[in-house]
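Here, each number is a calculation from the coordinates, and none is a lab measurement. Bear in mind that the values here come from a model prediction, so they are computed numbers and not experimental data. We place every Cβ from the backbone using ideal geometry, glycine too, and count neighbours over all the protein chains shown.
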Ligand code: FER
């Protein structure tokens, strides 16, 4: 028995070693003079779930061609943010443009929604108010029933699980894990950065670990080593390890802030929609 456990752990750690993540090199999020860059647009979609039209941002890559079909990354914000939080603090368009210039990223669309699914979804004020926290759960329905169908009608995208990814930071990390693992028929690429206490307990998050083993292309859990919410990522990682679910657990230097999340975005962007090496 001990031998089996040891073998399992060795295989898992080998797997993790093979996927060793790097801290992003200096300048990865600094604007360069590039011949070709992507573009960020605002979109508005009708939400039956909330009963209003809702805003989101979409990044289309350099050389975007509406006659091609792209995979889509849904990228979620934290409790104090809205659909503009990533752009305001994370420079995602610069990180992506630089990666494209180096040939390190598969062409994809990146949708940045507002994950607080309620009529008044603006950030600010008491973001911990119970109805506003609850709206982060309601977003599951808005995303699946309203936003994804809208994107797939309006943009040239591949409409299957292997071409959809869901990632997010903090409250959005919890959403990405809850919704992604709860809907593996919709998403094959799932990950949380510094996931918040809205992350379901492991047993509820992934009651059938075998399904994840068979279906997921990437399961990513990362957190800063100085983050007060580290216990959430750690308990998820330990459950995945116990149940032999392949995943990347990336403990990186840092706190609960955009230095960590920009580094996470740099790392996951290069993994998405690629076959494992
Ligand atoms: C909490 C602590 C942090 C919580 C949410 C957060 C819902 C979210 C933080 C963030 O998104 O940055 O207790 O409860």
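A few notes on this one:
- Residue pairs whose Cβ atoms lie under 8 Å apart, separated by 6 or more positions or on different chains, with the first residue in the stretch 246-257 and within 16 Å of the ligand (Cβ to nearest atom) and the second part of a strand (DSSP E or B), are 254/224; 255/224; 256/224; 257/224.
- Every condition in (1) surrounded by 16 or more Cβ atoms within 10 Å (Cβ to Cβ); (2) not in a loop (DSSP other than H, G, I, E, B) holds for residue 82 except the one numbered (2).
- Qualifying positions in the stretch 174-206 - without any contact (Cβ under 8 Å) to a residue 40 or more places away in the chain and within 10 Å of the ligand (Cβ to nearest atom): 197, 199
- Criterion: surrounded by 21 or more Cβ atoms within 10 Å (Cβ to Cβ) and within 16 Å of the ligand (Cβ to nearest atom) - qualifying residue of 171, 118: 171
- Verdict on residue 255 being surrounded by fewer than 19 Cβ atoms within 10 Å (Cβ to Cβ), at negative phi, in contact with a helix residue (DSSP H, G or I) (Cβ under 8 Å, 6 or more places away or on another chain) and not in a strand (DSSP E or B): no
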